Amino acid sequence: MTTFVDRVELHVAAGNGGHGCASVHREKFKPLGGPDGGNGGRGGDVILTVDQSVTTLLDYHHSPHRKATNGKPGEGGFRSGKDGQDLVLTVPDGTVVLDKAGNVLADLVGHGTSYVAAQGGRGGLGNAALASARRKAPGFALLGEPGDLQDIVLELKTVADVALVGYPSAGKSSLISVLSAAKPKIADYPFTTLVPNLGVVTAGATVYTIADVPGLIPGASQGKGLGLEFLRHVERCSVLVHVLDTASLESDRDPVSDLDVIEEELRQYGGLEGRPRIVVLNKIDVPDGKDLAEMVRPELEARGYRVFEVSAVAHLGLKELSFALADLVAKARAARPQEEATRIVIRPKAVDDAGFTVTREDDGLFRVRGEKPERWVRQTDFNNDEAVGYLADRLGRLGVEEQLMKAGARAGDGVAIGPEDNAVVFDWEPTVMAGAEMLGRRGEDHRFEAPRPAAQRRRDRQAERDEASREFDDFEPF
């Protein structure tokens, strides 16, 4: 059963924003107390966060579809809807987030580092928030925006200082087990190690991590064997250690040819040319292995490699090797550029930036693209004439109608707001008048201006009494 997964495709969906509420306050003797609809809640985000206790992406391999909760709709009585709960997904240290095209979106290194993979939708405004001096009783509310839908790829690249590379059964797992407290599976057959093993080594004042990369054979960089799946774990390592088997039972292999093969695979994979390298001749506890190590050592040193003869089984030469690796790791850490504090860059909007664009396509359709127009369209309930009129007002104030005229649009031309796969298309008519406007000015309720029947009857009776009183005062006796 698979227990280690270092690459998954994840489908994440943020929560939708809750709809705003269109409500009018009502109570005894006060049937029209004004709008009191609350706002909708914000949809939850999907957040990827690094957790040092997580070492694999196995959970997302079995459950690749993840969704945050939606925001609740608003209610009457000025009650806003509850925000959706964010969905926090923990990932291992060293996880790279990519899109479907392979572009890097985020490189998550360090405990607590987070990335918002999908943004929750905004909640819609209720009619209480839309009321103004000119719009006393809005009969509509804004819809909540849908949350983001994203298909992303997670790739785990082991965060280690030293990488052990070499043929299967060269002794990498044995070496990491005696240098650190790691307990990998060890056996005498190829491809015993099916996952990268990670261990922590202390050499004097230096503490560093060491990982073995399994499955490297000729053609690994082209997808042969298991090597291609694990070569990515070498990318973050500062030092490469070639572990060469001096006691191989295969007649067509020797340490020098093994080194050449692995170096060729690393070269074809790319990006590892400048890493310092050390050669470890393993299994010198075997008599033939000791003799072979002494034979090939001069040639390897002539190529510029530092060579160490060790035996993981007999614990020979390990102390010198661990301190040599610690020295290289310390130098690599000192050579790294110091991280600077994140600068806050303020980019003010240009004076002539309208926030949207109007383009005429080949088929004569005029397409409007921009954050505000597209968001306003998503928030509009097109079954409500007053809401459509409100949208027309907003687009007019933004200058969309003016730009359409400049682009050559005429009455009856098709206008699309949004991208091709999700746009609202309508026939453009300058200064759109919604059906609700025929009843009066947009957003106003004539019922607020009309007197209440009971009060009107009282005023009529009072007027009759006043008139009768004036007639009595004017009466002159004979």
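Which whole-Hz couplings ³J(HN,Hα) result when phi for each residue of segment 407-423 is put into the Karplus expression 6.51 cos²θ - 1.76 cosθ + 1.60, θ = phi - 60°, listed in order with x for Gly and Pro?
The phi angles translate into 6, x, 6, 10, 4, x, 5, x, 10, 10, 10, x, x, 4, 7, 7, 10 Hz.
To the nearest 10 square angstrom, how much accessible area does residue 200 have with a 1.4 angstrom probe?
90 Å²
Using θ = phi - 60° and the Karplus form 6.51 cos²θ - 1.76 cosθ + 1.60, what ³J(HN,Hα) does each residue of segment 198-211 get, whole Hz, x for Gly and Pro?
10, x, 10, 10, 10, 10, x, 8, 9, 10, 9, 9, 9, 9
Please state, rounded to one decimal and in Å, the Kirkwood hydrodynamic radius that segment 275-325 gives when every pair of distinct Cα atoms enters the mean of 1/r. Provide the component values of the computation, followed by the final result.
On the way: mean 1/r = 0.0890 Å⁻¹.
One over the average 1/r among Cα pairs gives 11.2 Å for segment 275-325.
How long, wide and thick is segment 136-180, going by the Cα atoms along their three principal axes, in whole angstroms, largest first?
80, 20, 13
Could you list which residues have their amide H under 5 Å from that of residue 67, counting only those 5 or more apart in sequence or on another chain, with H placed in the peptide plane?
Correct list: 13.
With no solvent and one equal point scatterer placed on each C-alpha of segment 104-179, evaluate the Debye formula and give log10 I(q)/I(0) for q = 0.15, 0.19, 0.22, 0.23 Å⁻¹, two decimals.
-0.82, -0.93, -1.05, -1.09
What is the Cα radius of gyration of segment 233-344 over 2.2 N^0.38 Å, N being its residue count?
Output field value: 1.26.
Run through every distinct alpha carbon pair of segment 368-420 and return the Kirkwood hydrodynamic radius in angstroms, one decimal place.
11.7 Å
Bin all alpha-carbon pair distances of segment 284-412 at 10 Å intervals from 0 and give each bin's fraction as a whole percent.
9, 20, 15, 7, 6, 7, 12, 16, 8, 0
In nanometres, what is the gap between the two model label sites at residue 360 and residue 403, each 7 Å from Cα along Cα-to-Cβ?
It is 1.6 nm.
So what J values fall out for segment 382-399 if you push phi through Karplus, 6.51 cos²θ - 1.76 cosθ + 1.60 with θ = phi - 60°, rounded to Hz, Gly and Pro as x?
6, 8, 10, 4, 5, 5, 5, x, 5, 4, 4, 4, 5, 5, x, 5, 6, x
Tell me, what are the semi-axes, in whole angstrom and largest first, of the equivalent ellipsoid of segment 46-166 as set by the roots of 5 times the Cα gyration tensor eigenvalues? Write down the numbers at each step before the final one.
Working: eigenvalues 359, 35, 29 Å².
Ellipsoid half-lengths, sorted descending, are 42, 13, 12 Å.
Hey, any idea what % of segment 52-133's accessible area is carbon plus sulfur with a 1.4 Å probe?
51 percent
The values are calculated or read from the model by the stated rules, or taken from the named source; none is laboratory data. What you see is a predicted model; the values in this text were computed from it and never measured. Neighbour counts are summed over all protein chains in view; Cβ atoms, including those assigned to glycine, are modelled from backbone coordinates with ideal geometry. Calculation scope for accessible area: heavy atoms of the full protein, side chains included, ligands and nucleic acids excluded. Shrake-Rupley method; radii C 1.70, N 1.55, O 1.52, S 1.80 Å.
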